Amino acid sequence: MFTDLSWKVIHQIINQTINEMVDEQQTLDVISLRARLREMAEKETDEVRVLCYWQASKVLNRLPPTVSANQLLHAARHAFRTPLDHELS
């Protein structure tokens, strides 16, 4: 159950971060998204959320540095269904 919950949270975190960055008209690529996730993890006090931010960053680490917003959203959906050691296709 914890695993299911954490994957749902990871999916939500990636989507929320992408949406915030788009709303702020920031550059949206894997490097900037991972930097934002690290920044959010450092400010977070809830240990489970910190872990989810780091796991979300690991999911995005599997993507090339320059991808489309659709590919980032696909990675978020994919993260919900697969373990970290599974390769994206």
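Treating each Cα of region 4-54 as an identical point scatterer and summing with the Debye formula, the log10 of I(q)/I(0) at q = 0.20, 0.30, 0.32 Å⁻¹ comes to -0.66, -1.19, -1.25. Modelled label positions at Glu47 and Gln12, each set 7 Å beyond Cα in the direction of Cβ, lie 2.1 nm from each other. Estimated from the Cβ-Cβ distance and a Förster radius of 30 angstrom, the FRET efficiency linking Asn61 and Gln25 is about 0.75.
All of the numbers you see were taken from the coordinates with simple rules; none came from a lab. None of the values given here were measured: they were computed from a predicted structure. Every residue, glycine as well, gets a Cβ built from its backbone with ideal geometry; the counts of neighbours run over all protein chains shown.
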